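A.B. asks: Mind looking over this structure? Questions follow.
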Amino acid sequence: MNLNNYYIKNNGHLKCVTGKDYNYIFNRKNGFFVRWGATKEDNPQYSPIGPEILDIEVSTVCHRSCSWCYKSNNLIGKNMALETFKKILEKIPQNLTQIAFGIGDIDANPDLWKIFEHCQKRNTIPNITINGDRLNSAIADKLIKYCGAVAISHYDNDTCFNAVKLLLDRGLKQVNIHKLVAKETLDSCYELLNLSNRDPRLSRLNAIVFLSLKKKGERNNYHTLSTEEFSELINYAIKCRARIGFDSCSANKILEILRDQDNYQMIELMSEPCESCCFSLYINVEGIVYPCSFLEDEYGFEGIDIISSEDFLSDIWFSPNFNQFRNKLLKINRNCPQFKI
């Protein structure tokens, strides 16, 4: 693939890609993104010039050691160094728009703020999910300075809600709550929906983002909801007018549930099914690339060391393994090919 066939332009807070079969406009200020192909009605199946979004793990250190953690993280872990991150970003084509950072404890990686600063120099927006522990005004101000959005994982109400309020009070506009959906968390999912309209700390919350359970991890003992249970939860959220979102893993399932909604066309337009190898990639703390984080050490899929790669498109994006995964994903309407969601 010849990158010269695509024109990438940064104009103020807008980033644009122009080509015969692949185009997009991304607003770095408010997160607005629109993509089209040869015509405005054409929707490209994948990016021909590399990922639009990266999911990068910069630390595996987390004091919570939750039983359902698919990474099985604990206090003994690794951090990605700034120099490693710089080398990784040098390999990625310039159409990259955002990076979703994976971290356990917010203060685990001493290079985190320098990593974020380097993102800004590369016209790339950093976003992050945190556990809410040890968040203070100084850390909140740094998150606001660098990040487009921050999500707080919901473990308990006070830690999560206080973190939401602190970030909003200090000026961050896009703050979400990430909530894992499983049989073991179902009651607290309903409780969270009810509290979202009652607790004043959540009055300016952007959305509760439901994350589908993946049966992965040495300690993971949680169970997936039935289709009926999941459908009831989503319909309840709509009934109580809660602001919700969902991960791309469950997008097709959500669309099926909401097919009869009056605004279905808008919901479908705003939904993006599994993006792995099509518009996104995952890179772990050691610089090994996988289509997504759930493929790491799973099903015999071999990751690729991005640091030692010479040409990102040929060595990784269009490598045999990644091509095979992409083709399989596209054949099944971009439903997760590895996990029952």
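A.B. asks: If you check 337, 320, which single one turns out to be over 16 Å from residue 54 (Cβ atoms) and modelled with pLDDT under 90?
C.D. replies: Working: 320 fails: modelled with pLDDT under 90.
Result: 337 is the single residue among 337, 320 that is over 16 Å from residue 54 (Cβ atoms) and modelled with pLDDT under 90.
A.B. asks: Could I ask something else about it? Scan segment 195-231 residue by residue and report those that are open to solvent by 50 Å² or more (accessible area, probe 1.4 Å) and of a type in the set (Gly, Ala, Ser).
C.D. replies: 203
Listed here are the residues, each with its yes/no results for (1) among the small types (Gly, Ala, Ser); (2) open to solvent by 60 Å² or more (accessible area, probe 1.4 Å); (3) within 18 Å of residue 102 (Cβ to Cβ).
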{"residue": "272", "(1), (2), (3)": "no, no, no"}
{"residue": "289", "(1), (2), (3)": "no, no, yes"}
{"residue": "298", "(1), (2), (3)": "no, no, yes"}
{"residue": "306", "(1), (2), (3)": "no, no, yes"}
{"residue": "310", "(1), (2), (3)": "no, yes, no"}
{"residue": "314", "(1), (2), (3)": "yes, yes, no"}
{"residue": "317", "(1), (2), (3)": "no, no, no"}
{"residue": "325", "(1), (2), (3)": "no, no, no"}
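A.B. asks: Do we find that residue 51 is surrounded by fewer than 20 Cβ atoms within 10 Å (Cβ to Cβ) and farther than 30 Å from residue 184 by Cβ in this structure?
C.D. replies: Against the criterion (surrounded by fewer than 20 Cβ atoms within 10 Å (Cβ to Cβ) and farther than 30 Å from residue 184 by Cβ), residue 51 does not qualify.
A.B. asks: In addition: Take residue 72 and decide whether it is touching a strand residue (DSSP E or B) at 6+ places or on another chain (Cβ under 6 Å) and more than 23 Å from residue 319 (Cα to Cα).
C.D. replies: Working: touching a strand residue (DSSP E or B) at 6+ places or on another chain (Cβ under 6 Å): no; more than 23 Å from residue 319 (Cα to Cα): yes.
Considered against the rule, which asks whether it is touching a strand residue (DSSP E or B) at 6+ places or on another chain (Cβ under 6 Å) and more than 23 Å from residue 319 (Cα to Cα), residue 72 comes out as no.
This table checks each residue for (1) among the acidic types (Asp, Glu); (2) farther than 19 Å from residue 336 by Cα; (3) in a helix (DSSP H, G or I); (4) touching a residue at least 12 places away in the same chain (Cβ under 8 Å).
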{"position": "216", "(1), (2), (3), (4)": "no, no, no, yes"}
{"position": "229", "(1), (2), (3), (4)": "yes, yes, yes, yes"}
{"position": "238", "(1), (2), (3), (4)": "no, yes, yes, yes"}
{"position": "242", "(1), (2), (3), (4)": "no, yes, no, yes"}
{"position": "259", "(1), (2), (3), (4)": "no, yes, no, no"}
{"position": "262", "(1), (2), (3), (4)": "yes, yes, no, no"}
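A.B. asks: Consider residue 259 against the criteria (1) basic (Lys, Arg); (2) surrounded by 15 or more Cβ atoms within 10 Å (Cβ to Cβ); (3) under 29 Å from residue 330 (Cβ atoms): it satisfies all of them except one. Which criterion is unmet?
C.D. replies: Failed condition: (2).
A.B. asks: Output the number of residues of segment 231-251 satisfying the condition of being of a type in the set (Phe, Trp, Tyr) and at pLDDT 95 or above.
C.D. replies: 1
A.B. asks: Moving on to the next point. Looking only at segment 2-32, count every residue that is of a type in the set (A, V, I, L, M) and closer than 30 Å to residue 171 by Cα and tell me the total.
C.D. replies: So the count comes out to 2.
A.B. asks: Considering only segment 173-194, how many residues are open to solvent by 10 Å² or more (accessible area, probe 1.4 Å), out of contact with any strand residue (DSSP E or B) (no Cβ under 6 Å at 6 or more places or on another chain) and either among the aliphatic types (A, V, I, L, M) or in a strand (DSSP E or B) (or both)?
C.D. replies: 1
A.B. asks: Testing residue 87 on (1) out of contact with any helix residue (DSSP H, G or I) (no Cβ under 7 Å at 6 or more places or on another chain); (2) assigned to a loop (DSSP other than H, G, I, E, B); (3) within 22 Å of residue 317 (Cβ to Cβ), one condition comes back false. Which one is that?
C.D. replies: (2)
A.B. asks: Residue pairs, Cβ under 8 Å, 6 or more apart or interchain, first in segment 310-330 and in contact (Cβ under 8 Å) with a residue 40 or more places away in the chain and among the aromatic types (Phe, Trp, Tyr), second buried (at least 17 other Cβ atoms within 10 Å of the Cβ) and in a helix (DSSP H, G or I). List them.
C.D. replies: 312/91; 322/316; 325/295
A.B. asks: Among (1) more than 19 Å from residue 17 (Cα to Cα); (2) touching a residue at least 24 places away in the same chain (Cβ under 8 Å), which single condition is residue 52 missing?
C.D. replies: (1)
A.B. asks: Determine which single condition residue 272 fails, assuming it passes every other condition in (1) closer than 23 Å to residue 220 by Cβ; (2) modelled with pLDDT under 95.
C.D. replies: For residue 272, the exception is condition (1).
A.B. asks: While we're looking at this one, here's another question. I'd like to verify a number: residues in segment 276-302 that are small (Gly, Ala, Ser), in a loop (DSSP other than H, G, I, E, B) and modelled with pLDDT of 95 or more, how many?
C.D. replies: 1
A.B. asks: If I ask for residues that are part of a helix (DSSP H, G or I), without any contact (Cβ under 8 Å) to a residue 40 or more places away in the chain and buried (at least 21 other Cβ atoms within 10 Å of the Cβ), which ones from segment 90-134 would you list?
C.D. replies: If the condition is that a residue be part of a helix (DSSP H, G or I), without any contact (Cβ under 8 Å) to a residue 40 or more places away in the chain and buried (at least 21 other Cβ atoms within 10 Å of the Cβ), then 116, 119 are the ones that fit.
A.B. asks: Another question about this same structure. Which number in (1) open to solvent by 40 Å² or more (accessible area, probe 1.4 Å); (2) at pLDDT below 95 marks the one condition that residue 254 misses?
C.D. replies: (1)
A.B. asks: Consider segment 54-65. How many of its residues are surrounded by fewer than 22 Cβ atoms within 10 Å (Cβ to Cβ) and β-branched (Val, Ile, Thr)?
C.D. replies: Here the count works out to 1.
A.B. asks: I've got another one for you. Enumerate the strands (runs of 3 or more DSSP E) found wholly within segment 21-78, keeping only those where 3 or more residues are within 22 Å of residue 297 (Cα to Cα).
C.D. replies: 53-57
The values are calculated or read from the model by the stated rules, or taken from the named source; none is laboratory data. Worth saying up front: this structure is predicted, and the values here are computed from it rather than measured. Every residue, glycine among them, receives a Cβ derived from its backbone with ideal geometry; neighbour counts consider all protein chains shown. Calculation scope for accessible area: heavy atoms of the full protein, side chains included, ligands and nucleic acids excluded. Shrake-Rupley method; radii C 1.70, N 1.55, O 1.52, S 1.80 Å.
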